[in-house]
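The values are calculated or read from the model by the stated rules, or taken from the named source; none is laboratory data. The structure displayed is predicted, hence computed values, not measured ones. Note that each Cβ is placed from the backbone with ideal geometry, even for glycine, and that neighbours are counted across all protein chains shown. Ligands, DNA and RNA are stripped out before the accessible areas are found, and what is left, the full protein with its side chains, is counted by its heavy atoms. Shrake-Rupley method; radii C 1.70, N 1.55, O 1.52, S 1.80 Å.
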Amino acid sequence: MSRVAFISLSVTGLALAAGVGVAFLLAGRGGTTTAITDIASNSPTSSFSLPLTEDPSVLTVAQHSGDVLVGLAVRPGGPVEIAALRAETPVATDALRLQIDGRVVAARPCGSGCSRIQAAVLEGTPKRLTASVGSSTLSFDLPGRLPPSGAALFARAQRTMDALRSFRFSERLSSGRDGITTAFDVQAPNRLRLRTVNGFRSVIIGRHRWDYHGGRWESGPFPGLTLPQLLMWNRAKHARIVGRRSNGVIELAAFGLQPVSAWFRIAVAPTGRVVEAEMISPSHFMVHRYSDFNGRFVIKAPK
């Protein structure tokens, strides 16, 4: 995924699902600038292959350290497939050091950026899988058994969120080095208002968009949006329950191929509302925190 493609994935799924969206141009370490750009509707081609993610009986989890991503697809009894990337560049199997409980294990390639190991995982005894890419090391504590399916809870969360009249969320988006935070107001069925930490503002209502530039609002066309498009995790599959918090929130892990290949971790409250979601994809690390469900605010066209 190119850096421009990464930028086009920002927020809301607008660039992902609606075809035209807000693109936040992140400068280097010295600062951040913001611009708005129309992005073509074609999603970036996935830079890695992980065949086991199509299997509904696997556990899919991921982590990142800086711009290094390591994602897993784990089948009970093995194998384990590991996707490793530095930014958008796949890491070759021979450049990846893998260990299970401190013991080095041999891997073989299984596609672009994909390495496969055979290991007795999810068979009754917890295991620790460690992956090292250069100086970056990421460790995964695998449970003794395959976590229970979260499909029913995931479907409930989709229905609950889709039925909201309004909500707010904050977004932290990073490439692993740079980052930007944006606040969003959403009003069903097709209204959105956003503001970045450095002052950029935009309003979208149906097929119209207004962007604040040079002290005034500029209007233009927009292809339209729906509330589900704003939920980055909405098209993920094979959710599994991987955590339970003391306040009743249940954490789900899932994987999605559309609009880009990505791992998700979704926190669902007892009400069925999603309170937090994380997306991990090459050079695209995003956290959403949701609040003010059915809040009494109205999004209007700016004057």
Practice task
Working only within the stretch 241-252, note down all residues that are in contact with a Leu (Cβ under 7 Å, 6 or more places away or on another chain) and closer than 15 Å to residue 158 by Cα.
Solution key: 250, 252
Practice task
Being surrounded by fewer than 15 Cβ atoms within 10 Å (Cβ to Cβ) and polar (S, T, N, Q) is the filter here, so list the residues in the stretch 104-163 that pass it.
Solution key: 112, 118, 125, 135, 137, 139
Problem - Qualifying positions in the stretch 118-128 - touching a Leu at 6+ places or on another chain (Cβ under 6 Å) and aliphatic (A, V, I, L, M) - result: 121, 122
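Please find, within the stretch 66-89, the residue that is farthest from residue 176 (Cα to Cα) out of those that are assigned to a strand (DSSP E or B) and open to solvent by 50 Å² or more (accessible area, probe 1.4 Å). Explain how you work it out, then say what you get.
Looking only at the stretch 66-89, we keep the residues that are assigned to a strand (DSSP E or B), and these are 68-74, 80-86, 89.
Add one more test, that the residue is open to solvent by 50 Å² or more (accessible area, probe 1.4 Å), and what stays is 86, 89.
Working: 86: 10, 89: 14 Å.
Restricting to residues being assigned to a strand (DSSP E or B) and open to solvent by 50 Å² or more (accessible area, probe 1.4 Å), the top hit is 89.
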Completion exercise
From the option list 248, 199, 272, single residue qualifying as on the phi > 0 side of the Ramachandran plot, modelled with pLDDT under 95 and surrounded by fewer than 21 Cβ atoms within 10 Å (Cβ to Cβ) is 199
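Results for (1) open to solvent by less than 40 Å² (accessible area, probe 1.4 Å); (2) in contact with a helix residue (DSSP H, G or I) (Cβ under 7 Å, 6 or more places away or on another chain); (3) at pLDDT below 95; (4) part of a strand (DSSP E or B), shown as yes or no for each residue.
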| site | (1), (2), (3), (4) |
| --- | --- |
| 186 | yes, yes, no, yes |
| 204 | yes, no, no, yes |
| 223 | no, yes, yes, no |
| 229 | no, yes, yes, no |
Problem - Only listed residue being over 19 Å from the mean Cα position of the chain (by Cα), at pLDDT 90 or above and either more than 25 Å from residue 237 (Cα to Cα) or surrounded by fewer than 18 Cβ atoms within 10 Å (Cβ to Cβ) (or both), chosen from 33, 93 - result: 93
Practice task
May I ask you to say which residue of 49, 41, 132 is hydroxyl-bearing (Ser, Thr, Tyr), in contact with a Ser or Thr (Cβ under 7 Å, 6 or more places away or on another chain) and either at pLDDT 95 or above or in a loop (DSSP other than H, G, I, E, B) (or both)?
Solution key: 49
Handout entry: Those residues of the stretch 231-249 which are outside any loop (DSSP other than H, G, I, E, B) and over 19 Å from residue 56 (Cβ atoms), in sequence order
Key = 243, 244
